[in-house]
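Comments concern the structure below.
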Amino acid sequence: MPAAVIMNKPGWKEVDMPGAGKWQNRLRGQGCRWTTPRRAVLDCLSRSRRHLSPKDIFAEIRRSHPGIGLTTVYRTLELLDRMGQLHKIRIGDGQIRYELKKDGRENHHHHLICTRCGKIIDYSDFVEEELELIRKTEQALTRRHRFKIQDHKIEFYGLCRECRSAEEASQDA
């Protein structure tokens, strides 16, 4: 689907957002309007390679959309989460980080989260093996508990390479 141009309020920068038509249809399918603030949040998330906090998103979109408030960012993220369109990642600093869920197996990944510095590493090693194990586990849980599983999340918590090195150096001192 070609990129759609987002029409903004006067004085706001036009944004060429990839996949805007898909998001517009998803929002309307949930009975929601396709608004400039929602477009700006989605554009920010879709273009980012990082896992963003609401404050990160707010700081980014504020440059081109000064009329959008932090509360609007939070509400938009809550809406997208209820729609099942976000991965929420909790790390030790009390902030939640977000990333858009992407379609397709090639985008399937999980996270390594450093408990010291908060670094989040996406990994897709062993995806086929993990998916097979998860499929079997989901089938068994569904049969046993009559529970319809809709999604899963795998996060490993520990120390990243840099924090491990710093910890080892401090122990050697």
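The values are calculated or read from the model by the stated rules, or taken from the named source; none is laboratory data. Note that this is a predicted model, so its numbers are computed, not measured. Here the Cβ positions follow ideal geometry from the backbone for every residue, glycine too, while neighbour counts run over all protein chains shown.
Look at the stretch 51-85 and say how many of its residues are in a loop (DSSP other than H, G, I, E, B) and in contact (Cβ under 8 Å) with a residue 40 or more places away in the chain.
8
Of the conditions (1) farther than 25 Å from L27 by Cβ; (2) assigned by TED's automatic domain parsing to the domain that holds W34; (3) not small (G, A, S), V73 satisfies every one except a single condition; which number is it?
(1)
Just to be sure I understand the filter: pairs with C-beta atoms under 7 Å, separated by 6 or more residues or on different chains, first member in the stretch 143-157 and farther than 28 Å from I113 by Cβ, second member modelled with pLDDT under 90 and not small (G, A, S). Which pairs pass?
Hits for this filter: zero, empty list.
I need the full set of residues from the stretch 137-173 which are assigned to a helix (DSSP H, G or I) and either among the polar types (S, T, N, Q) or touching a His at 6+ places or on another chain (Cβ under 9 Å) (or both), in order please.
T137, E138, Q139, T142, S165, S170, Q171
Just the residues that are closer than 21 Å to Q150 by Cα, in a strand (DSSP E or B) and among the aliphatic types (A, V, I, L, M), please, taken from the stretch 97-132.
L100
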